[in-house]
Structure formats: C-alpha cells, structure tokens
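Novice: Take this structure first; my questions come after.
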Amino acid sequence: MKNLKQRYRYSVILLRELVVTDFKLRYQGSFLGYLWSLLRPLALFVILYLVFVRFLRFGDALPHFPVYLLLGIVLWNYFAEVTNGGVGAIVGKGDLLRKLNFPKYVIVLAGSLSAMINLAINLVVVFVFMLINNVDFQWSILYAPLVITELFVFSLAVAFLLSALFVKLRDINYIWEVLMQGAFYATPIIYPLTAIPEKAGKLLMLSPVSQIIQDLRYALVTHETPTIGSVYGNQWMRLVPIGVVIIFAIGAAYYFKKRSRFFAEEI
Amino acid sequence: MSEEAIKVSGVYKDFILPHEKKDSVKRIFTSLFKQKDGGAEVQHALHDISFSVKKGEFFGIVGRNGSGKSTLLKMLAGIYQPTKGRVDVDGKLVPFIELGVGFNPELTGRENVYLNGALLGFSRKEITERYDDIVKFAELERFMDQKLKNYSSGMQVRLAFSVAIKAEADILLVDEVLAVGDASFQRKCFEYFRLLKKNKKTVVFVTHDMNAVREYCDRAMLIEKSKIVSIDKPSRIATQYTRLFNPSRNGEKKEQKKSRWGNEDIQFENVSVTPSQLHLNEEKIVIKVDAVAVAPVENPVFGFSIQNRDGNIVTGTNSQIKQLMIPQMKAGDRVTVTWKLDNVFNDDLYSVGLAATLDDGATVCDWWEEAAEFEVVNEERVPYVINPPVDLQVTGVKVEDQRN
C-alpha cells in the first residue's frame, strides 16, 4: 500500500514537470510565444471561413455557422494534436526510457494534458466569438464538460495505442497521417451534416469524434445541430460511439500496459 | 524487513536481434506469406545470474566491455525485464546510470534542476528546499538563469551531480560515473562515496577502475561472457579481472612471440619466481633464470624489470649497474642468474621482464617481456606504487590498536 502511494506520488510529480516543460518549450524562441496558441486556430478559421462560408456558402442554412465552424476546428485540432503527438511520444523519449524506470503512461498523459491546456485557451476564443455572434446561451452548456471528458478519454486512448504500436511498427506515423487526412473530411467539421446524403450522415455519426463535435455544437451553439440522436431518431444510438470509446480505452490501456515493460529494450 | 537489499535469482536475459528488423508493415505482410522470415539471432546477454546484496553493502560489478554488466544494472533498475528468473529489490532505488537524465539544452539551469529532480522523485517543494545547496555545491550561482546549451560540459556535469547526490535513496546503482569529469570533480565523487559508505547506504557499483573497487567495495563480482565468474573480496576480484587482460604464459606461445625478440645469441629458459604469490609476511622474492649462449658473446649484461598492472615499471636493475662483469661466454655456456629482492610491493599483479644485451648498449640478444608473473596479496593496500613494510606508531594520547 505504501509502495502504491509512493509510485502514485512519483507519477504526479513527473506528470506536472513534463507538462510544464512541454509548455515552456512549445513556443521557445518564437517572437509571439504563447500567443500562437490562439493565433494558429484563428488563422485556420479565417481561411476556412473565407472558403466555405463566403465563397462556397456552406452554412447559410445554419445560424451562427462561423462559430459552429470554429468550434469544430478547435475540437478537431485537439484530437489531432493528442494523437499525432502520441505516435512519437514514447519513441521520442527513448533516451530517457533507457536510463530510468518510470511509469511510461506519464509521457502520453503529459502530452494530452498539455494539449488540453491549449484546448482550454482555444475554447476561450470560441466563447468570445459566441458573444460577438450573439449566441443564446442554453442550459445544455452544462452538458459540455461531459462531452469534453469523452473527447479527452478517446484521444488519450488512441494516443496510448499509437505510441505503443509505433515502438514496433515505424510505419504508423505515415499511416496515421493519411488516416487523419481522410478522417478530417469524414467528420462534419467544415460542412454541415445536413449538406450530405442522410445515409452517409448516419454512417459518419457513428464515429466518436463526429458524435462529440456535434454534441458540443448542440450544447454550446445551436439546438438546430443534428446529433446522433436526431439523425437516427433514437437517443439510445448515442451509446454506440460511447461504447466504442469505452471499449477502445480499455483495450488501449491494456495493450499499452502490456507492452510498456519492453519499451526500453525495443526502441 | 529482510537483510537483503537486492536479490537476483536465476536471471537470464536474451535479446532477440532480427537480421532484418521487422519494423515495417511491408515486412509483416511479406512474413505472412513466407513461413520463416530471415531468422532472428538470440543474444544471450545474461546467463543464470544469482547473487544478493546485503543492506549497507558496497557491491562492485566488474567485467570487460560487453560482458553483460550494464545489462544487469539496467535489470536491477527495472529498465529491462528478465527473460527468466527474478529480481527483488527492497527499498527506494535510484539509478545513477547517467548523470543529468532528462536535461534539456533549451531550458535554463534552474529549470533543469527541477526537471531532473522530478525524474529522481522530488516534488517542486522539495527541490526548492534544496535548491540553494545544489547551486552552491555545483559552484554555478551566476549561471542558473542561463540556458543549459550555453554551459560547458564540465558545468553540466557539475550541475547534474549536485542534483543527483541529493537523491535520498536506500539503494544506489552507479555506472561508471567516475569516468567523466576532471580531477577535482572525481575527488568530489570519491568524497560522496565515502559519505555513502559512512551512511550505510547500499551501493551497486559498476566500474573498470580496480583502485576504486579495492578502496570502496565490500564485495565484488566478476562477470565474463554473460556469466558470473566469481564473487569474492575486492582485491581477489581485481586480480582476476586483471588476469583477463594478461593471460598467463602457460600455453600462450604466440603471446610470447610478440613480447620477445633479439638476435638469439643468448636465450633465457627456466624462468621462475618464488613464491609466485606473496603475502604480507613473506619478505623476499626470488627471480631465477637460466641463460644459454647459443653463439659466443663478449660482455653480456643481464637485466630484469618489474611491471605492475597499470604498465608502470616499478623497479629493475642489471648486471652492469651492479658492476658484475662477464667477460665472455662460449657457445653452449650456461649461467644461472638470480635476483633476490625485498617485498616492497603493493597489492597487485606484476610481470617480470628479462633482458640479455651486450654492453655496447645496442645489441639485444634476448628481450623478453612478461616472462613471468607474480601476485602480491596485501590487505593493507595503499594507493601508491610501492608499499614497503612500515612501522607506524602514534604516541601521546590513548590510541586503540585495531589490528588483530
């Protein structure tokens, strides 16, 4: 019991230090520093806004489409940051792993926490835009933390799986890059779900990331957002992506734990 | 609480080295269709290792490069998992496998102290409490807010060491930390070792430095080719280790060729050193050799030298220095040359070199390095070249004589 406490203490100390270091190093040497955390999603937003809202007129049917678009991008960026960072997380710390025995999950968790800090900053920007856009705040906003937790768990699980796989299989980073490109378009981020055929929409909504993005848009921006419940006309369908997240999280954690004993010698 | 800090039982470690690393999807696909893929080589890094280290013991591990000692240390640290067998550790263990683990050149000295400290298990608060001590010990007060990349390597090592010695562990694993740093840094390391020993810490120490083994270890272990050769007193292990590099003359004919040369007008034979192992109470050592003239020679000079393990020639003399003139030797003449000398030697392994030359100072008849060897076992080892019997007395106050 004492040992367990000691080990837990060590993990917390390490986690904290790794997150702090990661944040310090992130914009090391750049002139605008931490401002880039805000500027990057904003710049992307401006581009996508000009292309899809102004020229292609994607979101005319939806109220507050710019905010809707920004929220989607911010959430997707979080998912992309955690998983892309996750791929190389363990291998990148190979030097450390070969010299010290410490709980390996801390590395991956630290990466996802530092992305979470980024997400929090970005969500502040989203709120500012919501105010500018005169979005009516709904009671459903209280539901948002739950969905963000789901996003956190799912992203972390994917990162665990990828980081452990990458130790043995160095093609994973290229595969994941391509998958993410495809997934970006297979997720209703830059186009509203109503713009694609109903059958396709039903299929896309089974992905946890689609379900999460749509649920958050519903909770924060407008109740006109189609969610997995409304697409299928059955709220219980929400259990499918949530189930996927839970099963995925357990599987990834199990696999990571099993493999982590051998990281030091396999890297 | 058991008496043992570390217990290693029947540990094997194999590394599987694929001939072509199966780290790409292509390889996996191709190996799905082929029954065997290239084959993998199994490297046995450790073979049936069992030993235990008592609490408060200073335990040395020595062995040649590639003998498996670093793998073993990583196993004790929990970095590698044994293929078979088990490793039990009782107490908080800090591996000292490399100084400054996790140091980041882009961070300042101060930030690195916190990061490195966290890896050693210190919270921010604990580091803050020790921060002034660390900086003072490293003598880097003026540099702490500079980035680490602007430090010299010596400064980095000093900083890392200062953090590391604050680690409050029950068991320390030390891997050749002493190989780095200048003389004053090494002195600090040794002082730290003395402190550890005084505080009854358990230390496992991997090194090539036999002087350090003799001075600090309570027991030592020699590993060769993945197996334990022996576990014994440090002085014995140090001698055995030295032997690995100085194969004895028995059956090593080709070694002789290299270290023996000359025009062969005179040839040495029947070299003997008695006793071949000297203890403290044995005061005389006798080196005896026959020299045969193959061709007639005038004014031959017979000399010898004694070399210690580090390659230093400790002493030597020859018949010319001793003013013994041998006007001539006919072909077939045989002389016996005998040197008797006092045992002033330190605990070490020595080799005897012989030389038969002519007094013109240029002609070498038989020059034979490492013609024989002898060992001196002296528990009262001193860290100097010679160790003659010394009568030491302290008077004036009450002195406890702890000799047996």
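Novice: Run the numbers for B:LEU244 and B:SER153: contour at 0.36 nm per residue of separation, minus the present Cα-Cα distance, in nm.
Specialist: Result: 29.4 nm gained on full extension.
Novice: Something else about it: Assuming R0 = 30 Å, what is the FRET efficiency of A:TYR191 and A:TRP139, from their Cβ-Cβ distance, to the nearest 0.05?
Specialist: So, using R0 = 30 Å, E works out to roughly 0.60.
Novice: Go ahead and run the numbers for FRET between A:LEU179 and B:LYS233, Cβ-Cβ distance against an R0 of 51 Å, rounding to 0.05.
Specialist: Here the calculated transfer efficiency is 0.25.
Novice: Along the Cα→Cβ direction, 7 angstrom out, place labels at A:VAL244 and B:ASN199. What is the inter-label distance in nm?
Specialist: 5.5 nm
Novice: Moving on. Counting only helical runs of four or more DSSP H residues, what would the 222 nm mean residue ellipticity of chain A come to if each run contributes -39,500 (n - 2.57) and the total is spread over all its residues?
Specialist: Result for chain A: -23500 deg cm²/dmol, rounded to the nearest 500.
Novice: About the Cα centre, and with charges only on the beta carbon of Lys, Arg (+1) and Asp, Glu (-1), how big is the dipole of the protein assembly as shown? Nearest 20 debye, please.
Specialist: The calculation lands at about 2420 debye.
Novice: How many nm separate the modelled label positions at A:GLN235 and B:ASN299, each set 7 Å beyond the Cα in the direction of the Cβ?
Specialist: 11.8 nm
Novice: Given Cα pairs under 8 Å that are at least 6 residues apart, what percent is the relative contact order of segment A:2-266?
Specialist: Over segment A:2-266, the number comes to 26 percent.
Novice: Same structure, new question: Tabulate in residue order the Karplus-calculated ³J(HN,Hα) for segment B:126-134, using 6.51 cos²θ - 1.76 cosθ + 1.60 with θ = phi - 60°, rounded to whole Hz; enter x for Gly and Pro.
Specialist: 5, 5, 4, 4, 9, 4, 4, 4, 4
Novice: Angle check, please: helix A:208-220 long axis (alpha carbons) against the longest principal axis of chain A (alpha carbons), in degrees 0 to 90, nearest 10.
Specialist: The two axes meet at around 50 degrees.
Novice: Right, here's the next one. HN-Hα J couplings of segment A:135-146 from phi, Karplus 6.51/-1.76/1.60, θ = phi - 60°, integer Hz, Gly and Pro as x?
Specialist: Result, ordered by residue: 6, 6, 6, 10, 5, 5, 4, 5, 7, 4, x, 4 Hz.
Novice: So, one more: Which of the trypsin sites (Lys or Arg not before Pro) found in segment B:130-218 are loop residues per DSSP with 15 or fewer other Cβ atoms within 10 Å of their Cβ?
Specialist: In loop regions of segment B:130-218 (DSSP not H, G, I, E or B), the sparsely surrounded trypsin sites (Lys or Arg not before Pro) are B:LYS200.
Novice: Please tell me which of these pairs span more than 22 angstrom C-alpha to C-alpha: B:LYS7/B:LYS200; A:LYS93/B:LYS55; A:LYS93/B:LYS149? All intermediate terms of the calculation are to be shown ahead of the outcome.
Specialist: Numbers: B:LYS7/B:LYS200 18 Å; A:LYS93/B:LYS55 33 Å; A:LYS93/B:LYS149 19 Å.
Result: A:LYS93/B:LYS55 exceed 22 Å.
Novice: Oh, and also: How far is helix A:35-48 tilted, in degrees, relative to the longest principal axis of the Cα atoms in chain A, given as a value from 0 to 90 rounded to the nearest 10?
Specialist: 40 degrees
Novice: Here is the link list: A:LYS104/B:LYS54; B:LYS147/B:LYS198; A:LYS258/B:LYS227; A:LYS99/B:LYS13. Which ones come out longer than 27 Å on Cα distance? Kindly include the intermediate steps, with their values, before the conclusion.
Specialist: Details: A:LYS104/B:LYS54 30 Å; B:LYS147/B:LYS198 36 Å; A:LYS258/B:LYS227 29 Å; A:LYS99/B:LYS13 17 Å.
Over 27 Å apart, Cα to Cα: A:LYS104/B:LYS54; B:LYS147/B:LYS198; A:LYS258/B:LYS227.
Novice: If you don't mind, there's one more thing I want to ask. Label-point separation (nm) for B:PHE15 and B:VAL385, each offset 7 Å from Cα along Cα-to-Cβ?
Specialist: That separation, rounded to one decimal, is 4.1 nm.
Novice: Follow-up question, since we're still on this one. What is the calculated FRET efficiency for B:LYS125 to B:LYS84, with r their C-beta to C-beta distance and R₀ = 60 Å, to the nearest 0.05?
Specialist: Efficiency for this residue pair is about 0.90.
Novice: Any chance you could check the Cα centroid distance between segment A:77-126 and segment B:73-104 for me, in angstrom?
Specialist: Using only Cα atoms, the two centres lie 24 Å from each other.
Novice: Using only the alpha-carbon atoms, how far is helix A:239-260 inclined from the longest principal axis of chain A? Give it as 0 to 90 degrees, nearest 10.
Specialist: The helix A:239-260 is inclined about 20 degrees to chain A.
Novice: Over all residues in B:89-97, what is the mean tally of Cβ atoms on other chains that come within 10 Å of each residue's Cβ?
Specialist: Working: counts 0, 0, 0, 2, 1, 1, 3, 1, 3.
Average per residue, whole number: 1.
Novice: Around B:ILE313, what is the net charge, scoring Lys/Arg as +1 and Asp/Glu as -1 over all other residues with Cβ under 15 Å from its Cβ?
Specialist: -4
Novice: Tell me which residues come under 5 Å, amide H to amide H, from B:ALA45 once H is placed; ignore anything under 5 positions away on its chain.
Specialist: Counting only residues 5 or more places away or on other chains, the set is B:LYS13, B:ASP14, B:PHE15.
Novice: What does the charge add up to near B:TYR131, with Lys and Arg as +1, Asp and Glu as -1, over the other residues with Cβ less than 12 Å from its Cβ?
Specialist: 0
Novice: Something else about it: Name the residues whose placed amide hydrogens come within less than 5 Å of the amide hydrogen of B:ALA5, ignoring near sequence neighbours (fewer than 5 apart) on the same chain.
Specialist: Placed amide hydrogens put B:VAL53, B:LYS54, B:LYS55 under 5 Å from B:ALA5.
Novice: Could you please report the charge total around B:ILE285, scoring K, R as +1 and D, E as -1 over all other residues with beta-carbon less than 15 angstrom from its beta-carbon?
Specialist: Result for the neighbourhood of B:ILE285: -4.
Here, each number is a calculation from the coordinates, and none is a lab measurement. Computed from a predicted model, the values in this text were never measured in an experiment. Neighbour counts are summed over all protein chains in view; Cβ atoms, including those assigned to glycine, are modelled from backbone coordinates with ideal geometry.
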